[in-house]
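Here is the structure we will look at, set down as structure tokens.
What follows is calculated from the coordinates using simple rules that are stated; it is not laboratory data. These figures come from a predicted structure and were not determined experimentally. Every residue, glycine as well, gets a Cβ built from its backbone with ideal geometry; the counts of neighbours run over all protein chains shown.
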Amino acid sequence: MRTGPTRVERQARTRDGLVDAAERLFSARGFDATVLDAVADEAGYTKGAVYSNFSSKEDLFFAVYERRLERFLASAQRTLAGGNDLVTGLLRLVGEAGARRERDAGWLAVFLEFWTHVLRHPEHRERFAAIHARAAEPFVAAMERLAAARGARLPVDARRLSVAMFAMTTGLGLERLTQPDVVDADLAVTMTRLWIDVLMPED
């Protein structure tokens with residue numbers, strides 16, 4: 001009879017604890033200002049535990065980003081398959097993303113900091129691009145389904161359209177940090193609705 005966690009389970013628990021700590025510190029302090037010693041202290045482990053699980057600070061950030069992405073993709077799948085029509089589902093996804101930014105401006109800040117870091121360190125660019133591209137997948141699939149359902153021909157393919165929509169909503173999230181009187185919490189949803197109505201009008 002097993003009386004305690006296995007070595008694999010202990011390793012997974014250590015890794016999860018380090019990722020939790022890193023996410024808190026990255027969001028609070030930023031990427032550059034967060035040192036691995038602080039992550040280890042925050043998680044209650046030694047610095048050696050960090051390096052036995054992650055090859056670099058960038059690798060640790062990617063682990064945080066990948067976990068956040070997996071949670072988003074699971075949530076997006078539930079939202080789009082929750083019995084709502086596609087437009088309602090898409091608008092809800094955009095609204096939920098905006099609400100997360102309201103609660104978690106620190107993550108938006110460190111995400112953009114890391115993005116600029118990657119531009120200066122091209123050895124990380126391919127991995128960043130691959131993770132980032134996955135975030136658009138629920139929107140790509142929903143846009144394709146909606147265009148087919150409405151008999152609409154998109155002027156650009158659904159992936160490019162989704163990337164443009166992502167850029168718009170991310171940019172609006174940034175603008176809201178400094179111009180909340182101009183960019184209210186619902187503007188991204190309103191603009192997405194306008195895109196849909198113009199590009200894929202109902203008969």
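Here region 121-168 and region 1-42 have alpha carbon centers that stand 32 Å from each other. In the chain, helical runs assigned H by DSSP with n ≥ 4 each contribute -39500 (n - 2.57); averaged across all residues and rounded to the nearest 500, the mean residue ellipticity at 222 nm is -25000 deg cm²/dmol.
Excluding THR34 itself, calculate the net charge of residues whose Cβ lies under 12 Å from the Cβ of THR34, where each Lys or Arg counts +1 and each Asp or Glu counts -1. All intermediate terms of the calculation are to be shown ahead of the outcome.
Working: positive: ARG24, ARG29, LYS57; negative: GLU23, ASP32, ASP37, ASP41, GLU42, GLU58, GLU113.
Overall, the nearby charge balance is -4.
According to the Cα-based calculation, Rg over Rh for region 1-54 is 1.08, with Rh computed by the Kirkwood formula.
What is the sum of charges, Lys and Arg at +1 and Asp and Glu at -1, for the other residues whose Cβ falls under 11 Å from the Cβ of VAL50? Net local charge, VAL50 excluded: -1.
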